[in-house]
Each structure stands twice: as C-alpha cells, then as structure tokens.
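The values are calculated or read from the model by the stated rules, or taken from the named source; none is laboratory data. Remember, it's a predicted structure, so these values are computed and weren't measured experimentally. No Cβ is skipped: glycine too gets one built from the backbone with ideal geometry, and neighbour counts run over all protein chains shown.
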There are 2 protein chains.
Amino acid sequence: MMVMASSSDSETFTEKARRAQLLKAAIDTVNEIGYPNASLSAIAKRAGAAKSAITYYFATKEALLLQVVDHVFTDIGNLQVQAVAAHDEPRARLRAYAQSYLDYADTHRAEIVAGVEILVSHRGADGIPLYLTTTDEDSALLRQILSEGMQQGLFRTLPLHLAVSLVESLLDLSPTELQRDLNADLTELNAEIIRIILRGLEPSIE
Amino acid sequence: MMVMASSSDSETFTEKARRAQLLKAAIDTVNEIGYPNASLSAIAKRAGAAKSAITYYFATKEALLLQVVDHVFTDIGNLQVQAVAAHDEPRARLRAYAQSYLDYADTHRAEIVAGVEILVSHRGADGIPLYLTTTDEDSALLRQILSEGMQQGLFRTLPLHLAVSLVESLLDLSPTELQRDLNADLTELNAEIIRIILRGLEPSIE
DNA sequence: CTAATTTTAGTCCGATCGTACTAAATATGG
DNA sequence: CCATATTTAGTACGATCGGACTAAAATTAG
C-alpha cells in the first residue's frame, strides 16, 4: 500500500523505473517473436524478472500491452501537435503532421513496430479489435488539417474519412517496412510517402 | 491408404469437399476472433467437426493456415494475370492490376481479410515472419508493369522496390477497411485507391 | 454380403498459458 | 534498530494449447 505523499518520491522512482523496464521488455519481445507469441513468460524472461513482477505492476497482461500502445501513440500525438502548430498553411501543416510521424518511426523503431502490431492484432475478451475502440479524437488533428485544406481549395475535395484513411495507411508504410527489417533505411521511403500524400491530395487540374 | 487411381475420383471428391469446408472454417474463424485466438478447437467447432478431422486432412495447424494464404493469393494472382493481359499500355495494365485486386477484396471479403491477417501475423517456429519468405516471383508482374511504364516515361522514375511497396500498401487499404467492418461499402474507397496510385506515379511536371 | 479402407468422434498427453498466492528479501520511516 | 510496507522470486492452479492415439462408424471394392 502507498505511504504518505512525502515518501512517494523514492517509491515512485523505483516503480517508474520498473514499469519502464517492463514496457521496454514487452516492446522488444513483440518485435522479436511477434504479438501472438509474446507471452508473459517471454516478456518476463527478457526483462530478467519473474512473471509475478509483471502482474505486480500491471493488473493483467492486457493492461501491459495496452500501455505500450498508449505510450507510443501519446508520444507521437504530442510530437504531431507540436510540429503542426509551427505552421499555418494547410499543406505545410499536413507535411509537418506526416513528417513528425515518420521521424518518430525512424527514431523509435521498436516502439512503433510493437505499437502498431499490438494495435492491429489485439482483441478484447469479446473479440472486438482494439483499433475499433479508436475514438474520433485520435484523428481529430488530421481531420482538421484536411478539412481546412479542402475548404481553402488547397486539397481536392473527397470524403473526409477516405482522406484520413489514405493518409494514415500511407504513413503506416514505414512501420510495415520496419517490421520486415528493423534496420531498414527509411530515408527514401519516408520522402516518397510524403510526396505521394501531398500529390494525392492536390486539386484536380481543370 | 489410397487405392488405385481409377477410384480416386470419389475419394478425391470427399476429400476436396472436406478440405474446402475446413479451409472455410479457418477463414471464418480468423475473421471472427482473429489469428491469435484461432485455435484448432475453435476452427473445428466452427466446422462442426472434431479436432482430429483437421489433423487428418492437414499435417499441422500451420499447414492449414498456410493453405489459406496460398489459396487466397493464388486466386488473386490468377485474376491479375488475366486482367493485365487484356491491356498493352502500362497505365491501363497497372489499373487492371489494381482493379482486379480490389474487386477480389470486394467479392471475397472473408478470404482477403483472413489471408492478409495470417500473412502478416504468422511466424514460423524460428520466429521468422511469413511475409519475409515472400519470393520476388510474387511481385514479378507488378514490377514488370512498373518498370515498363518508367522506361516509357509514363511513370515517374523512382526505386522499383519503393514503387512496389507504395502500390501494395495502397491496395491493402481495402482489406484493412474490411477488417474494421466486413460490410463496409468499398466503392468510393477502391476508386480513390486507384486514383491515388495512378496520380502518385505520374511523371513530375517540368 | 463381406473384407478392406477411409473417415469419424472422442480421449489422452505433455507443454504452456495467464494469474493467484505465499513467503522471503528488501527498503523505508520513526 | 525496529516495525512496517514494498518488492521480490518461486510455486501452484485450472484452462487450453497442438497433436498423438484409438476404436467405432461409414464407405468402398470385389
């Protein structure tokens, strides 16, 4: 049980370090053997800890994996908000949105691969896929950029949910490539992804 | 044990029907509860058969799932070869290539979702992802279309493997949408996918 | 109709799953 | 330093996994 607030510093330190270590072990395990094979035992072994260490800090295995997803996409979302805010023009904002995502993928390879794989593969007890529980809030920034660009005639007009899907799926190309080869060079690929996104949204020639 | 060839008709009939039934049960199970949860018991229950029926017709669970992948992508490949052969011009050939894939996705929803999910999620005993064992032969047709188009100046020049990845990932958008909602209307989406593919490969304006 | 073969359902097996539990070890606070 | 709380490793448990096995049922061939 937690003690008084004054002593929470040290235990918070220990607890945070342990949680981070276990999160990292989960990420590395999913990367190496894949989500379906990432058992508690495998994760614990990689962390150099006992299985009970995981259940002590995380209520269930599911909670641990969802924490990975939350951690990864919260980080990305923050980077995107910051990057987009530096621009006014919709095309520049969209470019910043995509670039920050692809930069994160390039610099946090294990995280993005594990995050995407868990997000795609995990299903709740009811069998409902995890990504179905995604809220509209998650894509709010992208939708705002796209709809603003369409209103200004900078992007061609197409159903917003389609534009969102197209952009997101093109961005996921980078994590997919990393899934094949964690050491892949993403330079050219990321540049092409951005090029295709912007080109695909250009207004039609009249 | 198999008897002489003259009688192989009837037993081949029974065996083929059973195999098809089990393949369909595997596909439906992966669709409903996802690859990680698709156990032999779950597949057998859905087929209305005993577990042993599966191991009788398929050496292992893995063999059954690989058979699903093989069946789906062999079918698609045949459709694509046929569709592409009807055209000479690279852009028309690329359009036919994409259209036949998307048509298959639209008309064989459970198959494409299960095929893609198994292909992406399955790992061999050594932990090696299934799609890493993909041969160059699988994308030979697409690469031929793209390189021919580039030579003729109809597509802009970019590394072939990048162009292949971009096209394939855009085509996978349709199965991904079906994974979210098996009853989704793909009409608009599929049209946009083809539009983005062709637009993204247009030569740059000089 | 009978003998041989194919196919079936059901049982059993060792292994591993996620997690609950226990008790020792460690760290903390007064 | 002692009492208290936190964290640890290790064990145990019921459930389920993929697969081996068996014997009855169904089908086929002569």
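Here A:Glu62, A:Glu32 are screened, and the one residue that is more than 8 Å from DNA strand C (Cβ to nearest atom) and within 14 Å of another protein chain (Cβ to nearest Cβ) is A:Glu32.
Of the helices (runs of 4 or more DSSP H) that lie entirely inside segment A:33-136, those containing 3 or more residues that are surrounded by 15 or more Cβ atoms within 10 Å (Cβ to Cβ) and either at pLDDT below 95 or in the same structural domain as A:Ile196 (by TED's automatic domain parsing) (or both) span A:61-85, A:90-107, A:109-121.
Restricting attention to segment B:146-164, which residues are under 14 Å from A:Ile196 (Cα atoms) and outside any loop (DSSP other than H, G, I, E, B)? Within segment B:146-164, B:Leu162, B:Ala163, B:Val164 meet the criteria.
Screening the candidates A:Ile118, A:Ile197 for the property of being within 13 Å of another protein chain (Cβ to nearest Cβ), more than 17 Å from the chain's Cα centre (by Cα) and in contact (Cβ under 8 Å) with a residue 60 or more places away in the chain yields one hit, A:Ile197.
Just one of (1) farther than 25 Å from A:Leu178 by Cα; (2) facing another protein chain (nearest Cβ under 7 Å); (3) modelled with pLDDT under 95 fails for B:Asp181. It is (2). Could you list, in sequence order, the residues of segment A:35-59 that are within 14 Å of chain B (Cβ to nearest Cβ) and among the small types (Gly, Ala, Ser)? A:Ala38, A:Ser39, A:Ala42 - these are the residues of segment A:35-59 that are within 14 Å of chain B (Cβ to nearest Cβ) and among the small types (Gly, Ala, Ser).
A:Thr14: among the hydroxyl-bearing types (Ser, Thr, Tyr) and at pLDDT 95 or above, yes or no? Spelling it out, it is not the case that A:Thr14 is among the hydroxyl-bearing types (Ser, Thr, Tyr) and at pLDDT 95 or above.
Would you call A:Leu132 closer than 15 Å to B:Leu173 by Cβ, without any contact (Cβ under 8 Å) to a residue 40 or more places away in the chain and within 10 Å of chain B (Cβ to nearest Cβ)? Spelling it out, it is not the case that A:Leu132 is closer than 15 Å to B:Leu173 by Cβ, without any contact (Cβ under 8 Å) to a residue 40 or more places away in the chain and within 10 Å of chain B (Cβ to nearest Cβ). In this structure, A:Ser169 does not qualify as more than 20 Å from A:Phe73 (Cα to Cα) and at pLDDT below 95. Checking each residue in segment A:175-206 for being small (Gly, Ala, Ser) and surrounded by 15 or more Cβ atoms within 10 Å (Cβ to Cβ) picks out only A:Gly200. Against the list (1) within 11 Å of chain A (Cβ to nearest Cβ); (2) touching a helix residue (DSSP H, G or I) at 6+ places or on another chain (Cβ under 7 Å); (3) under 23 Å from A:Leu178 (Cβ atoms), the condition B:Glu168 fails is (2).
Residues considered: B:Leu146, B:Leu166, B:Leu171, B:Leu162. Of these, the only one that is closer than 18 Å to B:Asp106 by Cα, under 21 Å from the mean Cα position of the chain (by Cα) and hydrophobic (A, V, I, L, M, F, W, C) is B:Leu171. Candidates A:Leu160, A:Leu182, A:Leu171, A:Leu186: the one that is touching a residue at least 24 places away in the same chain (Cβ under 8 Å) and either under 20 Å from B:Ser174 (Cβ atoms) or acidic (Asp, Glu) (or both) is A:Leu171.
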